[in-house]
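The values are calculated or read from the model by the stated rules, or taken from the named source; none is laboratory data. The model shown is predicted, which means the values in this text are computed figures rather than measured ones. Every residue, glycine among them, receives a Cβ derived from its backbone with ideal geometry; neighbour counts consider all protein chains shown.
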Amino acid sequence: MTTTHYRTCHICEANCGVIVEIEEREVVSIKGNPDHVLSRGHICPKATAIADLQSDPDRLRKPVKRTADGWQEMEWDQAYREIAQRCAELEAGGARSAFYRGNPGAHDYALSTQSPYLQRAVGARGTFSATTLDQIPHHYVQLQMYGHVSLAAVPDIDRAQVIVIVGGNPVASNGSIWTVPDFRKRVKEMQARGGKLIVVDPRRTETAAIADQWVPVKPGTDTALLVGILQCVLENGDTLRPGLAELVDESWAKVRPLVAAFDLSKLSAHCGVSESEIRGIAQTLKSQGPGAIYGRMGVSVCEFGALNQWLVQLINLATGNLDREGGTMFPQPLLDLVSFAGRGSIKTIETARGTLPSVMSEIPMIAFAEELLREDEQRVRVLFVIAGNPVISAPDGVRTEQALESLDLMVAIDPQITETTRHAHYILPPCGPLEKDHFSFFFGPLAIRDFGAYSPPTLPMEAGAKADWEITAELAQAIFAAKGKAAPNMETPRERLDMMLRASPAGMTLAEVEAQPNGVDLGPLKPCIAKRVMTEDKKIHAATDALIEELGRFASSMAEVPGDALRLIGRRHVRSNNSWLHNSHRLVKGPDRCTLMIHTRDAAERGLANGDLAEVTSRVGQVTVAVEVTEDMMPGAVSLPHGWGHHREGVSWKTAAAHAGVSINDLTDPQRYDPLTGNAVLNGTPVTVARAQEVAAAE
Ligand SMILES: Nc1nc2c(c(=O)[nH]1)N[C@H]1C(S)=C(S)[C@@H](COP(=O)(O)OP(=O)(O)OC[C@H]3O[C@@H](n4cnc5c(=O)[nH]c(N)nc54)[C@H](O)[C@@H]3O)O[C@H]1N2
Ligand SMILES: Nc1nc2c(c(=O)[nH]1)N[C@H]1C(S)=C(S)[C@@H](COP(=O)(O)OP(=O)(O)OC[C@H]3O[C@@H](n4cnc5c(=O)[nH]c(N)nc54)[C@H](O)[C@@H]3O)O[C@H]1N2
Ligand code: SF4
Ligand SMILES: [Mo]
């Protein structure tokens, strides 16, 4: 008998509604849910791959332990007991423990709400996560300006007349820090009402291809462009729109003189965007009607990540687009995370890499390997890796592997033996994705409508399987017991979710939300900044000393003569998701996607033709990869996707290993980071590209 189930796709931030048809335990089909309040039927090719994740024969079904004779399967209780015992012994000997939390954890509300128990049980001193490879500049700026790390101003694409995207590719990524399913159709609708999409990117991306204007920019130089745009916006004065002006603190008066001091022609030369184009973008944002400028990975994971995100906010403020319909607004979702989580913090931390910023108590990932390899008593000797693959996702993968090998105890919660978890002593695998429930926990506050959606598990749990949250809760209990401590009361994730929903302004119960399988729609975004802003004086803080100082550092950096190295940037593809969807046949089939894109001129200079193998070398490493010669790259920039490099021995995902590719993070350099936030710099890596030796020799 075929049964029909409604759920939310958990793979990316878009949170699309899907309809899953099941026969026995087999997935018959996965389709978009046309009645879903947010995604309106949209899905991407990854949704159907949920079936592959569920039925993946390579996925671990039982805990495993690494022995001299290979991986040995074991029962859960035994695994918990052994890990707990070892943890207690190591802690008694003064060993420092830490966590690394990867991206899929953020898509699992139950794990997110429960894993702190495990952290308490372990007594971990330090959390690393994918956040400092990704978006910590956003949190930094949101805390500085709006008083809370999670107060994101989201572009209201459904009513906007102009959207300027700097360093984001939502046609491939489906939006980030911007839950915007069906981005392509929403752009078409905007264009049909006379609106305009402008994309600033060194590559003519899939998003640039549907834009009204593509503006190529030299990698890592967007700060110049953003200062230029802001300067032009403020040319005729800095009067803020009524309604907004009263909400902004007096530091606003500092902004115009700061940006006016820059020479527009120098800014233009620095970023490679002409003065007229800079003026044009400023003019469009000012006069085209409501709209927004939005910046993502391309301007976050770079040296001036925080500065860029600040400038983006200032441009929206200065053009009157902040907190207006069709501009950017703070969502007021069904579950109002902002009212539960603390406001967040910006501190500094002593690490083996010296003093680094620590935003939201994170230890920056650029210090990860060094913290594991340091030689004093502060060395991290015990590591829990939950849903993460830092060997592939963090800079200098080879060094990361060396660091993992040095651990006294490494425990991974992951369905696969990956490039990272192959170094673990124990791997605890969670159940398949369809056996879990789902709630749009972190994504309500980032969505283009005020919404929330809960889906129950689609399939009953396989015998012996456990959800991620159960694993962390049970392991926590075992560790408390091994240490002779009483375990605290642990509410279930559903209990916690129900409590948080009831306490949110919408005040619904989980049962009421669950009764709406298409999600709960609370309507379009609404201006609300006056009541939402959470700084102590309830004002928007336009400029802080740290950001002003950073602008000065940027100004000085413009004098540095850029070398003639090519600049390597990243890439995402709609059929891939970070490192973990390459085991799905239906997603990896077709042409090789892990290629080095290079402009025709740069390729010709190096004697490279389409498909040739090239050696790409950076300060930290070298990879050999086929080139894709294309006019879609701007000259001087080359692009390689991240998430590949599955050639490493002993991984369980065989399909991925058969489509190994190379890892861009064997080239990216942990020496490079954003000094305000500690975020890694993953774009703009200086590289040389040459024909591969073996190819050259063969001719
Ligand atoms: N050069 C470069 N590097 C980058 C980026 C880039 O653009 N360029 N992007 C960065 C960004 S934005 C991010 S978010 C990071 C991601 O960095 P990570 O989160 O470290 O890496 P992922 O590839 O997402 O790895 C996810 C792991 O979780 C496992 N997994 C999948 N589903 C589940 C589940 O339900 N439960 C559990 N327990 N495990 C699961 C997978 O098997 C995989 O091992 O990469 C960053 N690295
Ligand atoms: N299909 C798919 N979807 C995903 C993911 C995935 O791996 N695959 N990952 C998910 C995750 S974890 C995240 S964080 C989001 C990320 O979502 P996005 O940020 O939208 O995705 P990216 O493809 O990293 O887009 C970054 C863009 O910046 C450009 N860029 C690089 N350097 C520069 C620069 O110096 N200046 C400018 N202006 N642009 C630059 C790149 O060419 C690229 O087009 O995507 C999420 N969705
Ligand atoms: S865009 Fe694709 S991967 Fe992302 S939630 Fe929707 S269907 Fe899933
Ligand atoms: Mo990410």
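Identify the residue in region 228-252 that is closer than 21 Å to Gly280 by Cα and of a type in the set (S, T, N, Q) and, among all such residues, is surrounded by the most Cβ atoms within 10 Å (Cβ to Cβ).
So, considering only residues that are closer than 21 Å to Gly280 by Cα and of a type in the set (S, T, N, Q), the one surrounded by the most Cβ atoms within 10 Å (Cβ to Cβ) is Gln231.
Can you pull out every residue in region 406-459 that is over 21 Å from the mean Cα position of the chain (by Cα), closer than 23 Å to Gln119 by Cβ and hydroxyl-bearing (Ser, Thr, Tyr)?
Ser406, Tyr426
Could you run through region 254-268 and say how many residues are over 18 Å from Gly552 (Cβ atoms) and surrounded by fewer than 16 Cβ atoms within 10 Å (Cβ to Cβ)?
So the answer is 1.
Starting from region 381-399, keep only residues that are basic (Lys, Arg), then list their pairs with residues that are not in a strand (DSSP E or B) whose Cβ atoms are within a distance under 8 Å, requiring at least 6 positions of separation or different chains.
Going by the 8 Å Cβ cut-off, the qualifying pairs are Arg381/Leu90; Arg381/Ala95; Arg381/Leu407; Arg381/Asp408; Arg399/Ala369; Arg399/Val620; Arg399/Pro670.
Please go through (1) within 16 Å of ligand 2 (Cβ to nearest atom); (2) over 23 Å from Gly291 (Cα atoms) for Pro155 and return the number of the only condition it doesn't satisfy.
(2)
If the Cβ limit is 8 Å and pairs must be 6+ apart or interchain, which residue in region 494-512 that is free of Cβ contacts under 8 Å to residues at least 40 places away in the same chain pairs with which residue that is outside any loop (DSSP other than H, G, I, E, B) and not hydrophobic (A, V, I, L, M, F, W, C)?
Thr509/Asp498; Thr509/Arg502; Ala511/Asp498
Considering each residue of region 590-649, count those that are over 26 Å from Gly272 (Cβ atoms), surrounded by 16 or more Cβ atoms within 10 Å (Cβ to Cβ) and not aliphatic (A, V, I, L, M), and give that number.
10
Here are Gly552, Gly590, Gly570: which of them is more than 24 Å from the chain's Cα centre (by Cα) and within 16 Å of ligand 2 (Cβ to nearest atom)? Don't jump to the end; show me each part of the working.
Working: Gly552 fails: within 16 Å of ligand 2 (Cβ to nearest atom); Gly570 fails: more than 24 Å from the chain's Cα centre (by Cα).
Residue meeting the stated conditions: Gly590.
Every residue, every condition in (1) assigned by TED's automatic domain parsing to the domain that holds Ser265; (2) near ligand 2 (Cβ under 8 Å from one of its atoms); (3) under 25 Å from Gln332 (Cβ atoms), yes or no:
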| site | (1), (2), (3) |
| --- | --- |
| Gln161 | yes, no, yes |
| Ala172 | yes, yes, no |
| Ile198 | yes, no, no |
| Trp214 | yes, no, no |
| Thr223 | yes, no, no |
| Gly228 | yes, no, no |
| Asp238 | yes, no, no |
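Pick from Glu474, Glu401, Glu462: which is surrounded by fewer than 22 Cβ atoms within 10 Å (Cβ to Cβ), assigned by TED's automatic domain parsing to the domain that holds Pro493, more than 20 Å from the chain's Cα centre (by Cα) and under 24 Å from Thr3 (Cα atoms)? Lay out the reasoning, then the answer.
Numbers: Glu474 fails: under 24 Å from Thr3 (Cα atoms); Glu401 fails: under 24 Å from Thr3 (Cα atoms).
Of the residues listed, the single one that is surrounded by fewer than 22 Cβ atoms within 10 Å (Cβ to Cβ), assigned by TED's automatic domain parsing to the domain that holds Pro493, more than 20 Å from the chain's Cα centre (by Cα) and under 24 Å from Thr3 (Cα atoms) is Glu462.
Anything in region 108-128 that is within 16 Å of ligand 4 (Cβ to nearest atom) and either buried (at least 23 other Cβ atoms within 10 Å of the Cβ) or not assigned by TED's automatic domain parsing to the domain that holds Leu434 (or both)? List them, or say none.
Within region 108-128, the subset within 16 Å of ligand 4 (Cβ to nearest atom) is 108, 112, 128.
The answer is Asp108, Phe128.
Any residue at all in region 376-390 that's in a helix (DSSP H, G or I) and crowded, with 24+ Cβ neighbours inside 10 Å? Show your work before the answer.
Here is the first cut: in region 376-390, the ones in a helix (DSSP H, G or I) are 390.
Among the residues that remain, those that are also crowded, with 24+ Cβ neighbours inside 10 Å are: 390.
So far as region 376-390 goes, yes, one or more of its residues are in a helix (DSSP H, G or I) and crowded, with 24+ Cβ neighbours inside 10 Å.
For region 431-459, which positions are among the charged types (D, E, K, R) and either in contact with a Ser or Thr (Cβ under 8 Å, 6 or more places away or on another chain) or surrounded by fewer than 22 Cβ atoms within 10 Å (Cβ to Cβ) (or both)? If you could, list the steps in order and put the result at the bottom.
First, the residues of region 431-459 that are among the charged types (D, E, K, R): 435-437, 449-450.
Result: Glu435, Asp437, Arg449.
Checking Arg193 against (1) within 23 Å of Leu682 (Cα to Cα); (2) basic (Lys, Arg); (3) out of contact with any Pro (no Cβ under 8 Å at 6 or more places or on another chain), only one condition comes out false. Which one?
(1)
Tell me whether region 40-56 contains one or more residues that are away from ligand 2 (no atom under 16 Å from the Cβ), more than 30 Å from Leu475 (Cβ to Cβ) and not assigned by TED's automatic domain parsing to the domain that holds Asn103.
yes
Can you tell me how many residues within region 86-116 are within 16 Å of ligand 3 (Cβ to nearest atom), over 18 Å from Thr421 (Cβ atoms) and not aromatic (Phe, Trp, Tyr)?
Of the residues in that region, 2 qualify.
List the residue pairs whose Cβ atoms are under 8 Å apart, where the first residue sits in region 103-131 and is within 16 Å of Asn489 (Cα to Cα), the second is within 16 Å of ligand 4 (Cβ to nearest atom) and in a helix (DSSP H, G or I), and the two are 6 or more positions apart or on different chains.
These pairs meet every condition: Ser115/Gly105.
Restricting attention to region 198-214, report how many residues are assigned to a strand (DSSP E or B), farther than 20 Å from Gln313 by Cβ and either modelled with pLDDT under 95 or touching a helix residue (DSSP H, G or I) at 6+ places or on another chain (Cβ under 6 Å) (or both).
1
Can you tell me which residue in region 528-548 is nearest to Asp52 (Cα to Cα), limited to those that are of a type outside the set (Val, Ile, Thr), under 27 Å from the mean Cα position of the chain (by Cα) and assigned to a helix (DSSP H, G or I)? Before you say what the answer is, go through the steps one by one.
To start, the set of residues in region 528-548 that are of a type outside the set (Val, Ile, Thr) comprises 528, 530-532, 534, 536-539, 541-543, 545-547.
Retained after the next criterion (residues that are under 27 Å from the mean Cα position of the chain (by Cα)): 528, 532, 534, 541-543, 546-547.
From what is left, the residues that are assigned to a helix (DSSP H, G or I) are 532, 546-547.
On the way: Arg532: 42, Ala546: 47, Leu547: 46 Å.
By that ranking, first place goes to Arg532.
Can you pull out every residue in region 158-176 that is in contact with a strand residue (DSSP E or B) (Cβ under 6 Å, 6 or more places away or on another chain), at negative phi and assigned to a loop (DSSP other than H, G, I, E, B)? Walk me through it before giving the result.
Step one: filter region 158-176 for residues in contact with a strand residue (DSSP E or B) (Cβ under 6 Å, 6 or more places away or on another chain), giving 160-167.
Among the residues that remain, those that are also at negative phi are: 160-166.
Residues satisfying the conditions are Ala160, Gln161.
Mind checking which helices (runs of 4 or more DSSP H) fall wholly inside region 274-329 and carry at least 1 residues that are within 16 Å of ligand 1 (Cβ to nearest atom)? Full working, then the answer.
Details: elements: 275-287, 297-300, 305-318.
Fully inside region 274-329 and qualifying: 297-300, 305-318.
Which ones in region 169-191 are within 16 Å of ligand 4 (Cβ to nearest atom) and either crowded, with 24+ Cβ neighbours inside 10 Å or within 18 Å of Gly444 (Cα to Cα) (or both)?
Filtering region 169-191 down to residues within 16 Å of ligand 4 (Cβ to nearest atom) leaves 169-170, 172-180.
Across region 169-191, the qualifying residues are Asn169, Pro170, Ser173, Asn174, Gly175, Ser176, Ile177, Trp178, Thr179, Val180.
If you check Glu21, Glu26, which single one turns out to be outside the structural domain of Ile448 (by TED's automatic domain parsing), in contact (Cβ under 8 Å) with a residue 24 or more places away in the chain, more than 25 Å from the chain's Cα centre (by Cα) and more than 16 Å from ligand 1 (Cβ to nearest atom)?
Numbers: Glu21 fails: in contact (Cβ under 8 Å) with a residue 24 or more places away in the chain.
Matching residue, one of Glu21, Glu26: Glu26.
Taking Arg575 as meeting all but one of (1) within 16 Å of ligand 3 (Cβ to nearest atom); (2) surrounded by 24 or more Cβ atoms within 10 Å (Cβ to Cβ); (3) within 27 Å of Gly167 (Cβ to Cβ), write down the number of the exception.
(2)
This table checks each residue for (1) under 21 Å from Ser173 (Cα atoms); (2) outside any loop (DSSP other than H, G, I, E, B).
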{"residue": "Leu587", "(1), (2)": "yes, yes"}
{"residue": "Val625", "(1), (2)": "no, yes"}
{"residue": "Pro635", "(1), (2)": "no, no"}
{"residue": "Val662", "(1), (2)": "yes, no"}
{"residue": "Asn665", "(1), (2)": "yes, yes"}
{"residue": "Val689", "(1), (2)": "no, yes"}
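Can you go through Ile19, Ile11, Ile30 and tell me which one is among the β-branched types (Val, Ile, Thr), touching a Phe, Trp or Tyr at 6+ places or on another chain (Cβ under 7 Å) and either surrounded by 22 or more Cβ atoms within 10 Å (Cβ to Cβ) or closer than 28 Å to Ala463 by Cα (or both)? So that I can check it myself, show each step before the final result.
Values: Ile11 fails: touching a Phe, Trp or Tyr at 6+ places or on another chain (Cβ under 7 Å); Ile30 fails: touching a Phe, Trp or Tyr at 6+ places or on another chain (Cβ under 7 Å).
None of the other options fit; the residue is Ile19.
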